[in-house]
Amino acid sequence: MGRVTERRRVIRIRDGAVSTRPDTLVAEEPLEIRLGGKPLAITMRTPGDDFALAAGFLVSEGVLASAGELANIVYCAGATGEGGSNSYNVVDVRLADGVPVPDITLERNVYTTSSCGLCGKASLDAVRTTARWPLDTSPDTPVRIEPATLSALPDRLRAAQRVFERTGGLHAAALFTTDGELLDIREDVGRHNAVDKIVGRALQQGQLPLSSCVLMVSGRASFELVQKAVMAGIPVLAAVSAPSSLAVDLAVETGLTLVGFLRGTSMNVYAGEHRLALSAAASTG
């Protein structure tokens, strides 16, 4: 397995003084995901939780929805072609008997980067995969969360980021209860990979749909992250930065509660405000 961090020599300049020192960097390596032996996607990721990442990716693609649909995930031996050595950078996902294997590689080029996530999807229709668990959009939904609880999540997320403290170069995704209890956290150079690792671990543990949870991400809220939340049955997505216009459109369309610019006691609610315990006197103007 590749290491989560690596050491590199740097020249440090501070107030005109020059010195050399080792620096700790987050590792970034490619991971090829195969489905039934057939190449499906390549993503740049931080090594670790690779099986969960692959499983979570397939949840967002609508291929998997439960642990029973997954036979196994293995590293492909000899992936480097150098004397049969294993790079641990190629995984093969096998579906359980009777689970259809979609031919999604013929419809679009599936390539991901650590910065932007899935790229090359042919159209909006191609990424609007039908959700297995439509979100409850009723105003009487039992999922309710206090704004004060949301306000505490960024600090709890940062406090749990172990690798970030050593490198300063990782995104994180965390799963919380509506009372603010931390359930799981994953780190990666790609925010989309961190979410896939969260969702994939939940699938492996038979916890989908995550219908009573809040997903908190360390960066912006893209269309893809909204899609991943919806496909996992997560009703609330909160981000410390801005959402995109397409992310807001999808959140409104699916009934997801989308919160952005979550910093201190301030936040913007872009969709699904019915899940927030807001004061009756709150302005709607």
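The values are calculated or read from the model by the stated rules, or taken from the named source; none is laboratory data. Please read all numbers here as calculations on a predicted model, not as lab measurements. Note: ideal-geometry Cβ built from the backbone for every residue, glycine included; neighbour counts use all protein chains shown.
Remarks
- Scanning segment 19-35 for residues that are in contact (Cβ under 8 Å) with a residue 60 or more places away in the chain and over 14 Å from ASN193 (Cβ atoms) yields THR24, LEU25, LEU35.
- The residues of segment 274-283 that are part of a helix (DSSP H, G or I) and either modelled with pLDDT under 90 or crowded, with 19+ Cβ neighbours inside 10 Å (or both) amount to a single one, ARG275.
- Residue selected from segment 15-25 under the condition in a strand (DSSP E or B) and of a type in the set (D, E, K, R), by the criterion surrounded by the most Cβ atoms within 10 Å (Cβ to Cβ): ASP23
- Apart from one condition, SER151 fits all of (1) touching a helix residue (DSSP H, G or I) at 6+ places or on another chain (Cβ under 9 Å); (2) surrounded by fewer than 23 Cβ atoms within 10 Å (Cβ to Cβ); (3) in contact (Cβ under 8 Å) with a residue 60 or more places away in the chain; the exception is (1).
- Some residue of segment 6-14 being crowded, with 16+ Cβ neighbours inside 10 Å and assigned to a strand (DSSP E or B): no
- Qualifying residue in segment 261-273 (condition: assigned to a helix (DSSP H, G or I) and buried (at least 24 other Cβ atoms within 10 Å of the Cβ)): no
- Test: residue in segment 68-88 that is at pLDDT below 85, crowded, with 17+ Cβ neighbours inside 10 Å and not charged (D, E, K, R): yes
- Matching residues, segment 14-26, being in contact with a strand residue (DSSP E or B) (Cβ under 6 Å, 6 or more places away or on another chain) and modelled with pLDDT of 80 or more: SER19, THR20, ARG21, PRO22
- Residues that are under 23 Å from ALA71 (Cβ atoms) and assigned to a strand (DSSP E or B), drawn from segment 26-53: LEU31, GLU32, ILE33, ARG34, LEU35, LYS38, PRO39, LEU40, ALA41, ILE42, THR43, ARG45
- Among strands (runs of 3 or more DSSP E) entirely within segment 161-230, having at least 2 residues that are modelled with pLDDT under 95 and touching a helix residue (DSSP H, G or I) at 6+ places or on another chain (Cβ under 9 Å) singles out 171-177, 182-188.
- Residue within segment 228-242 that is touching a Lys or Arg at 6+ places or on another chain (Cβ under 6 Å), farther than 22 Å from VAL59 by Cβ and free of Cβ contacts under 8 Å to residues at least 60 places away in the same chain present: yes
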